[in-house]
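Enquirer: Before I ask anything, let me first share the structure, which is written out below as structure tokens.
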Amino acid sequence: KWVPGIIHNTINHPIFPSAGKRITTSLQFAGPGGNTKFYRPRLETIFYVPHTPATSFGFRLDTQYIKPIGDTTYIPLFERIYLGGEYSIRGFDLRTVGPRDEASGLVLGGTKSVLLSAEYLITLAEPVRLVLFYDTGQVQETGVNFNSDGFKTSTGAEVRFLMPVMNVPMRLIFAYNPQRTGVLDNNFRPEGRFNFRFAVGAPF
């Protein structure tokens, strides 16, 4: 398996960005020597736009799909696409957004996805930020169109601050999930309307 890619990056700060863009394209191949053969193109576009000296907007678009090749007809669960978690749709548990087996509740994942995020970043005091966010995304199978009913959405706020020893942003996330119908958490219970989470590292 190999993943060639191209990155164009003009973001002004690696931890607390406020201006610039990062465009990442990659094409993952899984082929000779393995049991599963496929390719997976991916495009992620991130923009930061200054608003005032202490505030800025952040935007992300991330889309990808998987296409089996050769004698492969089915993509195994561990290679399929999922959304959910502190780095995609923040109010949902990790890998819980995607097509699901109705009988067992198991998330089967999909072969294509789209994820959109928007943030309003407010510097309270260096190095502490208040971030208002909106995430929405959808995972589908090949042959199934993206549709308005299929998007899962989370919105809320997080406090982001720097840990001096680790030199990475720590995040306290409070999320509200208005569109959670059909999503189970990692304990196979209906996803809650409100969630509080802790994470390390920026979402994008």
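The values are calculated or read from the model by the stated rules, or taken from the named source; none is laboratory data. From a predicted model like this one, the values you see are computed outputs, not experimental measurements. Because the Cβ atoms are built from the backbone with ideal geometry, glycine has one as well, and the counts that use them run over all protein chains shown.
Enquirer: Within the set of pairs 6 or more residues apart or between chains, which connect a residue that is touching a residue at least 40 places away in the same chain (Cβ under 8 Å) and closer than 13 Å to LEU116 by Cβ inside segment 58-83 to a residue that is among the hydroxyl-bearing types (Ser, Thr, Tyr) and part of a loop (DSSP other than H, G, I, E, B) with Cβ atoms less than 9 Å apart?
Expert: If the second residue must be among the hydroxyl-bearing types (Ser, Thr, Tyr) and part of a loop (DSSP other than H, G, I, E, B), the pairs left are GLY58/SER18; ASP62/SER88; LEU83/THR96.
Enquirer: Which number in (1) touching a residue at least 12 places away in the same chain (Cβ under 8 Å); (2) out of contact with any Phe, Trp or Tyr (no Cβ under 7 Å at 6 or more places or on another chain); (3) in a loop (DSSP other than H, G, I, E, B) marks the one condition that GLU102 misses?
Expert: All conditions pass for GLU102, except number (1).
Enquirer: From GLY192, GLY105, grab the single residue that is under 29 Å from TYR65 (Cβ atoms) and out of contact with any Gly (no Cβ under 6 Å at 6 or more places or on another chain). If you could, list the steps in order and put the result at the bottom.
Expert: On the way: GLY192 fails: under 29 Å from TYR65 (Cβ atoms).
It is GLY105.
Enquirer: Might you check whether a residue that is modelled with pLDDT of 95 or more and part of a loop (DSSP other than H, G, I, E, B) occurs anywhere in segment 23-38?
Expert: The answer is no, given that none of the residues of segment 23-38 is modelled with pLDDT of 95 or more and part of a loop (DSSP other than H, G, I, E, B).
Enquirer: Same structure again: Only one residue in GLY156, GLY143 is exposed (fewer than 12 other Cβ atoms within 10 Å of the Cβ), within 26 Å of GLY109 (Cβ to Cβ) and at pLDDT 90 or above, so which one is that? Before you say what the answer is, go through the steps one by one.
Expert: Working: GLY156 fails: exposed (fewer than 12 other Cβ atoms within 10 Å of the Cβ).
Checking each option against the conditions leaves just GLY143.
Enquirer: Out of (1) within 18 Å of ASN187 (Cβ to Cβ); (2) in contact with a Ser or Thr (Cβ under 9 Å, 6 or more places away or on another chain), what's the single condition that is false for PRO68?
Expert: For PRO68, the failing item is (1).
Enquirer: Would a scan of segment 69-83 turn up a residue that is in contact with a strand residue (DSSP E or B) (Cβ under 6 Å, 6 or more places away or on another chain), surrounded by 15 or more Cβ atoms within 10 Å (Cβ to Cβ) and in a strand (DSSP E or B)?
Expert: The answer is yes; a qualifying residue exists.
Enquirer: Being touching a residue at least 24 places away in the same chain (Cβ under 8 Å), in a loop (DSSP other than H, G, I, E, B) and surrounded by 14 or more Cβ atoms within 10 Å (Cβ to Cβ) narrows it down to one of LEU130, LEU115, LEU94, LEU162, so name that one.
Expert: Values: LEU130 fails: in a loop (DSSP other than H, G, I, E, B); LEU115 fails: in a loop (DSSP other than H, G, I, E, B); LEU162 fails: in a loop (DSSP other than H, G, I, E, B).
Only one candidate passes the filter, namely LEU94.
Enquirer: Another question, then. Checking TYR39 against (1) in contact with a Lys or Arg (Cβ under 9 Å, 6 or more places away or on another chain); (2) crowded, with 17+ Cβ neighbours inside 10 Å; (3) of a type outside the set (A, V, I, L, M), only one condition comes out false. Which one?
Expert: Result: TYR39 fails condition (2) only.
Enquirer: If you don't mind, there's one more thing I want to ask. Any chance segment 50-60 includes a residue that's buried (at least 19 other Cβ atoms within 10 Å of the Cβ), assigned to a loop (DSSP other than H, G, I, E, B) and at pLDDT 95 or above?
Expert: Among the residues of segment 50-60, not one is buried (at least 19 other Cβ atoms within 10 Å of the Cβ), assigned to a loop (DSSP other than H, G, I, E, B) and at pLDDT 95 or above, which makes the answer no.
Enquirer: Would it be correct to say that ILE46 is over 19 Å from ARG80 (Cα atoms), among the β-branched types (Val, Ile, Thr) and surrounded by 17 or more Cβ atoms within 10 Å (Cβ to Cβ)? Can you show your working first?
Expert: Values: over 19 Å from ARG80 (Cα atoms): yes; among the β-branched types (Val, Ile, Thr): yes; surrounded by 17 or more Cβ atoms within 10 Å (Cβ to Cβ): yes.
Yes, satisfied.
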